[in-house]
Amino acid sequence: MKIHALNDPALAAASLAATKAERSAASGSTAGTDATDPANAVDGATVTVSGAARTLNVASAGTGIDEAKVAAVKASIADGTFKVDSGAIADKMLSNAQEMLSRARN
């Protein structure tokens with residue numbers, strides 16, 4: 001499994017939107033922040049969440065992570081019964097290396 005934002009179209013789009021929002025914020029635009037929301041105030045401090053952060057939060061909400069499987073793996077690691085399939089890891093590493101080399105040639 002590759003972990004790369006550009007492999008996921010939703011995350012790539014969110015990243016692009018975040019970049020655009022950061023640029024507009026840098027140019028003085030305050031769109032996407034809500035400093036007047038009482039939910040943002042903690043002990044008298046005002047917290048603002050940028051539009052870029054909101055976009056990334058929405059995009060990452062549907063990550064497709066199987067929470068039950070994650071819990072099972074954590075439990076097996078904790079009790080010492082987790083088995084590493086070194087053959088599968090080696091196969092994936094070779095596959096990823098071949099893919100990277102083929103992209104570099106093109």
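Brief remarks follow.
- Förster radius 25 Å - calculated FRET efficiency between Leu94 and Ala68 (Cβ-Cβ, nearest 0.05): 0.25
- Extension gain for the segment Arg105 to Asn57, taken as residue separation times 0.36 nm less the Cα-Cα distance, is 13.7 nm to one decimal.
Quick note: the coordinates plus some simple rules give every number you see, no bench work behind them. The structure displayed is predicted, hence computed values, not measured ones. Please note: Cβ atoms are built from the backbone with ideal geometry, for glycine as well, and neighbour counts cover all protein chains shown.
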